[in-house]
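The values are calculated or read from the model by the stated rules, or taken from the named source; none is laboratory data. Not measured: the values here are computed from a predicted model. Don't worry about glycine lacking a Cβ; one is built from the backbone with ideal geometry, like all the others, and counts go over all protein chains shown. Areas reflect the complete protein model, heavy atoms only, side chains present, ligands, DNA and RNA absent. Shrake-Rupley method; radii C 1.70, N 1.55, O 1.52, S 1.80 Å.
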There are 2 protein chains.
Amino acid sequence: MEIKVQQTYRERALEQLLADAEKIAQLIKVQMDHLTMPQCPLYEEVLDTQMYGLSREIDFAVKLDLIDSEVGKEILTRLEQEMNALHELYMKK
Amino acid sequence: MEIKVQQTYRERALEQLLADAEKIAQLIKVQMDHLTMPQCPLYEEVLDTQMYGLSREIDFAVKLDLIDSEVGKEILTRLEQEMNALHELYMKK
């Protein structure tokens, strides 16, 4: 039973972090889909703020052993790659 | 045993959040102690960023039922009061 509760907390932590990461991915996607629209200079700041918030959640979860640090890093790395792709699209315009 | 593990996660979550809040309180205190030194225009931004990070950790912990939302609000409210006190000291100078 002890392991079961532990598992539940870990599962919920991962689900929550992935949901928060997905929200950022959606922000990036929306931005990519609207590249032809007038540029919003705040988008980078908004994304950076959201990324910082997520990284703090991940640090907290890692410190509590709710997720493995490797998993946390992977979530952030994947989002950073998407942000870089978006950045390159902007540069090409 | 199930309750024990749950308790452990909750205890550790609260400890971690209080430790992170204490770090911000220390930042505020350092700033108050150095009011006579040249003003650093970045201090407010640094504190705001740290407060945002802590609020994200607290939201995450509340969603996972690791802390009660009232406790989370109290942690933030107390820090905000200290920030306001610091702000007032600046205004008086």
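Quick notes on this structure:
- Against chain B, whose longest principal axis comes from its Cα atoms, helix B:69-92 is set at around 0 degrees.
- Accessible carbon and sulfur surface of segment A:2-92 relative to its total accessible area, %, 1.4 Å: 55 percent
- The protein assembly as shown: C-alpha gyration tensor shape, a/c 1.5 cut-off, then a/b vs b/c: oblate
- Net charge, B:MET51 excluded, C-beta distance under 12 Å - Lys, Arg +1, Asp, Glu -1: -3
- Rounded FRET efficiency, nearest 0.05, which uses the C-beta distance separating A:LYS92 from B:GLU22 and R0 of 35 Å: 0.15
- Complex-versus-alone comparison for segment B:15-34, residues with a loss of 40 Å² or more in accessible area, probe 1.4 Å: B:GLN16
- Crossing angle, helix B:43-63 versus chain B [Cα axis fit, 0-90 degrees, rounded to tens]: 10 degrees
- Cα gyration tensor shape for segment A:9-84, rounded if a/c is under 1.5, else prolate or oblate: prolate
- Summed buried accessible area for A+B [probe radius 1.4 Å, Å², rounded to 100]: 2400 Å²
- Efficiency of FRET from Cβ geometry, B:GLU44 and A:GLU11, R₀ 35 Å, rounded to 0.05: 0.35
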